[in-house]
Amino acid sequence: MKTFLQSLRLLAGLTLLCGGLYPLAVWAVGQLFFHHAAEGSVLTQDDHVVGSALLAQKTTDPRYFSPRPSAGDYATVASGASNLAWTSAKLRDAVAANEKDFRTQNQLTEATPIPADLTTTSGSGLDPDLSPEAVRLQIPRVASARHLAPEKISALINRRIETSLFGPTRINVLQLNLLLDQLHD
Amino acid sequence: MNVSDFTYLALFVAVLVAVTAPLGRWLAAVLRGEPPIWLRWLIPVERGLYRLAGIRPDEEMSWRHYTGAILVFNLLGGVLIFVLQLFQAKLPLNPQNFSAVPLGIAVNTAVSFLTNTNWQAYSGESSLSYLTQMAGLGVQNFLSAATGLAVMAALARGLSRKSAHSIGNFWADLVRPTVYLLVPLSFGFAVVLVAQGVVMSFNPYVHAVTLAGTDQLIPLGPAASQIAIKQLGTNGGGFFGLNSAHPFENPTPLSNFLQALALLALPAACVYAYGLLAGARRHAWVIYGVMLAFFLGALGLSLWSEYSSPGSAALALEGKEVRFGITPSVLWANATTVASNGSVNAMHSSLSPLGGGIALFNILLGEIIFGGIGSGLYGMVMMILLAVFLAGLMVGRTPEYLGKKIEAFEIRLAAIAVLLPCAAVLFGCAISFATEAGRSAVGNAGPHALTEIVYAWASMANNNGSAFGSLTATGDWYTWGGSVVMLLGRFGVIIPVLAIAGSLAAKKTVPPSSGTFPTDGPLFAVLLGGVIIIVAALTYFPALTLGPVLEHLLLAAGRSF
């Protein structure tokens, strides 16, 4: 009984410390110095929220770059992964279908290899990035839909490439699309 | 693989080894009750907690008393999570108005967090309130980790004390590492994570209208604080359903590197701290070497499989994130399965057949290759006892370990601690194969389906918590059966370990003689490695052959299901 009461009181104290004071301290520091990041890296256009820089969103308009396919159809609450195995016929079919769709949308021939990030789905279902190759393949489509010179879009893309010592080079698709809306001839 | 992949791996291992000694010294000092000078300002917090609970930290406990305190304390922690889940609808900090969690899931999640497994039958962003996450799951992230450290400290005391009847004070062993190690370390790490983009907010989810004109709900929550300890305390239960693959939980390549490092750092430091606490530093480095060899071997094989299995060029990015890439994802998959962390940054079910198989094998080794914080080390000591016992049989002498005679009592308990999780895995699998409830949960066909089931039971019984996500683990059999298995895998090891600690503490120390088998040389490392492989291979060889190995061969033959 003594052990029980000691446990109960210690649990209360430690819950206050680890479940109250600690998260509040992190929250306070985060809000003070990294408010934008702590609140979900939200992006706005014309004063309304269009999404988060970190979350991919469904894009069907040819005027915008498309992100990676999503197994959960870009749902955010909760997002989903395919969890399919390499020996899964479903996965083979999905990859082939994604490849075919991408070729059709971008009018690419069988001779053009399609990067794997465009044919597979991500772990989070919300992968915000694409490889530079995957973005570049979409330039002709986006340029013709917007009546813009491809070189202009290409130059924008080159400015948006992110490199890191700790991962592959990549481009954030939503941020790129928002900048695209600001491009004029 | 290119040069940058190798640089990445080399950097990771170099940093891991470099932080081992400083963190180990810090941990050992804290467990001795001598916090580092720069943290002495926290002494009033420690004392305040003792006063609040009416505890005398210098009161010595017998192993039975110690065990009782652990069981009661952990059980209460589980009850707290359980209650928070059931009543979250009526409690504050629930901006999305989530209703009560279903009973089976609530029990499973409570057990999962109190046992440091952190198996996810839940999906945080669509079912748990901020309060449940913060005051329930978040707290057990700390306390289950500290419990592991306490048991390790008690075991080290058992070995270093002579003719003693006590193994320390559980309350002090619990509070000290929490206050002087886990909270400060997590705080620093959490702030870095927020800076990288991990959310830390109490606001309701944000409504956005996307460029396509559709609605999108942006989930928020006090995530950063929880993710820091999730990684540092080998917990692994995600704030979001998709864990560290979710961009809000692991937003950048740098955050990914740091999280991968954080999940192995303290388990590695535990080995060093054990060497200091038990007075056997050379022996500790031998253990470290064996662990590192297993880890690097598994990592090498996984990378080979992921990059060179048939279909790799087209399929290797399935379930992986562009910002991480293949090599960091495979590194994480190995780190999280050798350590009993269980967080994921890529979907293990979509790894190459052998890549996923090696992740499974890492878990089946018993979470002793670095393993859980504290628990990896004491689990490894059980294996060491078996190794010295075998060596004793070979030379025909009573085995000794660190100056203590190892007798029938210790060997019996060590065998229980090693075999109980194995038995739990096999029984769980057998019943799953034999019942419709077990079989119908799978999400893939062919040998992969078998691997899914084995992985689930291996993960729960060894307190890892990662999963082949294709398995639907929310049915009654997996939630209730899983809860039992997680408890067995945790306390079925802790109780024998503490009994051994108590028994060893009571023994006299025998000076080493010419007949003593030295435990601090390469010969012992080989013997220990052999014992670990033999135990796992004898238990799981058929399952591994019919699952991942067969799937690999069929993949090579061009079969799909």
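The values are calculated or read from the model by the stated rules, or taken from the named source; none is laboratory data. No experiment lies behind these values; they were computed from the predicted model shown. Positions of Cβ are backbone-derived with ideal geometry, glycine not excepted, and every protein chain shown enters the neighbour counts. The area values use the complete protein model at the heavy-atom level, side chains included, leaving out ligands, DNA and RNA. Shrake-Rupley method; radii C 1.70, N 1.55, O 1.52, S 1.80 Å.
Some points to look at:
- Rounded percent of accessible protein surface that carbon and sulfur make up, chain A, 1.4 Å probe: 59
- Solvent-accessible area per residue in segment B:460-561 equals 41 Å², computed with a 1.4 angstrom probe and all protein chains kept.
- Estimated FRET transfer efficiency (residue B:433, residue A:164; beta-carbon r; R0 51 Å; 0.05): 0.70
- Once C-alpha pairs closer than 8 Å and six or more residues apart are averaged by separation and normalised to the residue number of segment A:40-180, the relative contact order reads 28 percent.
- A simple spin-label model places pseudo-atoms 7 Å from Cα toward Cβ; at residue B:561 and residue B:393 they are separated by 3.6 nm.
- Inter-site label distance for residue A:145 and residue A:36 at 7 Å from Cα along Cβ, in nm: 2.6
- The residues of segment B:16-64 occluded by other protein chains by 40 Å² or more of accessible area, set against the chain on its own, are B:49, B:52, B:53; surface from heavy atoms, 1.4 Å probe.
- For segment B:481-561, trypsin sites (Lys or Arg not before Pro) meeting the loop criterion (DSSP other than H, G, I, E, B) and having at most 14 other Cβ atoms within 10 Å: B:508, B:559.
- Once exposed loop GluC sites (Glu not before Pro) are cut out (DSSP; at most 16 other Cβ, 10 Å), longest piece of chain B: B:61-406
- Relative contact order for segment B:373-556, counting Cα pairs under 8 Å that sit 6 or more residues apart, in percent: 30
- As a calculated quantity, the FRET efficiency between residue A:89 and residue B:2 at R0 = 41 Å, using C-beta atoms, amounts to about 0.80.
- Overall form of the protein assembly as shown per C-alpha gyration tensor (a/c, 1.5; a/b vs b/c): prolate
- For the chain pair B and A, buried accessible area totals roughly 7600 Å², probe 1.4 Å, rounded to the nearest 100.
- The loop-placed chymotrypsin sites (Phe, Trp or Tyr not before Pro) in segment B:83-152, going by DSSP, that have at most 15 neighbouring Cβ atoms within 10 Å of their Cβ come out as B:87.
- Computing FRET efficiency as 1/(1 + (r/R0)^6) for residue B:296 and residue B:192, where r is the C-beta to C-beta distance and R0 is 30 Å, gives about 0.65.
- Whole-number percent relative contact order across segment A:105-185, with pairs defined as alpha carbons under 8 Å at least 6 apart: 31
- Model label sites at residue B:93 and residue B:59, defined 7 Å from Cα along the beta-carbon direction, differ in position by 3.1 nm.
- For segment B:10-121, the fraction of 1.4 Å probe accessible surface lying on carbon and sulfur atoms is 68 percent.
- Solvent-accessible area per residue for segment A:40-180 (1.4 angstrom probe, square angstrom): 41
- Taking a straight line from the alpha carbon of residue A:2, these aspartates and glutamates sit under 16 Å away, with near neighbours fewer than eight places off in the same chain left out: B:59, B:60.
- Protection proxy ranking of B:169-177, B:390-398, B:209-217 - average other beta-carbon atoms within 10 Å, highest first: B:169-177, B:209-217, B:390-398
- Relative to the current alpha-carbon distance between residue B:545 and residue B:308, full extension at 0.36 nm per residue lengthens the span by 83.3 nm.
- The lysines within cross-link reach of residue B:404, meaning a Cα-to-Cα straight distance under 23 Å and a gap of 8 or more places when in the same chain, are B:162, B:507, B:508.
- Fully extended contour minus Cα-Cα distance, from residue A:21 to residue A:48, at 0.36 nm per residue: 6.3 nm
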